[in-house]
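To start, the structure under review is shown below, and the notes come after it.
The values are calculated or read from the model by the stated rules, or taken from the named source; none is laboratory data. The model shown is predicted, which means the values in this text are computed figures rather than measured ones. Note that each Cβ is placed from the backbone with ideal geometry, even for glycine, and that neighbours are counted across all protein chains shown. Each accessible area value is taken on the protein alone, full model and side chains, heavy atoms only, with ligands, DNA and RNA left out. Shrake-Rupley method; radii C 1.70, N 1.55, O 1.52, S 1.80 Å.
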Amino acid sequence: MKDWKGDDDYSAGQLVPFVALVFLWVERKKLRDCVLNPFWAGGIALLVLAQAGRACGLLFMYESAERYSLVLTVAGLVLMVAGWWVFRCVSWILLFLFLMVPFPGRIHNMISAPLRTIASTGSVFILEAFTRVGRQGNILTLNGDTTVGVAEACSGLRMLTAFIIVAAFIAYMIKRPRWQKMVLLLSSIPVAIICNIVRIIVTAVLMMLVSADMAEKFF
């Protein structure tokens, strides 16, 4: 909860548990036909692995291990209490739960920096059709006097995580071949990037033609 409220890039993660409950409701008929056959050995093994990961996260200040241990704990409890059949039925839902966890810091940086570069480059490419634009790194200069900085908050990572969650929800709900669901899920990435570029362009135009306050409110 602290990560969801403190980091806007992953605020959409708080929707994931509720969406997972919707998935369980959709699968209720299939789950009703499953025979409960607790798999104690497998469940306990997963729980031990989860708690070991949590302990490592606490000892070595590796927050991601602690976060992912929560999902592994849920998976271990399902396997231990309900058995392998139920576990297989809800396996995709358990994988979906990983979307509620923020990316590890190294992966976050690997994604965020290229997204900022793409956002800056794409914005300049479009804005050059309407006005004089200069670019230095992630700083855009419009008409020589208006400066727009594509900061880390403008990377579009928040849009990306939200779009992936929405696309995963739609892909799960629609009845389509698996390859079409995969295309839908992967298409959320370029759609999020394009939406972020449009947001930056409109923000820049508002800053240039109206005011910085209006541009900030829009952003």
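A few comments on the model shown:
- Working note: 222 nm ellipticity from helices only, DSSP H runs with n ≥ 4, each -39,500 (n - 2.57), summed and divided by the residues of the chain, gives -22000 deg cm²/dmol to the nearest 500.
- Within a Gaussian network of the chain (alpha carbon springs, distance under 10 Å), most fluctuating of Ile139, Ile200, Ile189: Ile139
- Largest to smallest accessible area among Phe96, Phe87 [probe 1.4 Å]: Phe87, Phe96
- Applying the Karplus relation 6.51 cos²θ - 1.76 cosθ + 1.60 with θ = phi - 60° to region 58-66 yields 3J(HN,Hα) values of 6, 6, 9, 6, 10, 4, 4, 4, 5 Hz, where x marks Gly and Pro.
- Values of log10 I(q)/I(0), in the order q = 0.14, 0.16, 0.18 Å⁻¹, for the chain under a Debye, Cα-only, solvent-free model: -0.95, -1.11, -1.27
- Shown is the FRET efficiency for Leu185 and Asn109, computed with R0 = 35 Å from the Cβ-Cβ distance and rounded to the nearest 0.05: 0.90.
- Solvent-accessible surface ranking, highest first, for Glu27, Glu66, Glu216, Glu128 at 1.4 angstrom: Glu216, Glu128, Glu66, Glu27
- Interatomic Cα distance distribution for region 157-219, bins of 5 angstrom, percent: 4, 19, 19, 15, 13, 11, 8, 6, 4, 1
- With the simple spin-label model, which puts each label point 7 Å out from Cα in the Cβ direction, the Leu36 to Trp84 separation comes to 2.0 nm.
- Convex hull per residue volume in Å³, alpha carbons only, for region 35-129: 97
- Result for the chain in a Gaussian network model with C-alpha springs under 10 Å: among Gln136, Gln51, Gln14, the largest mean-square fluctuation is at Gln136.
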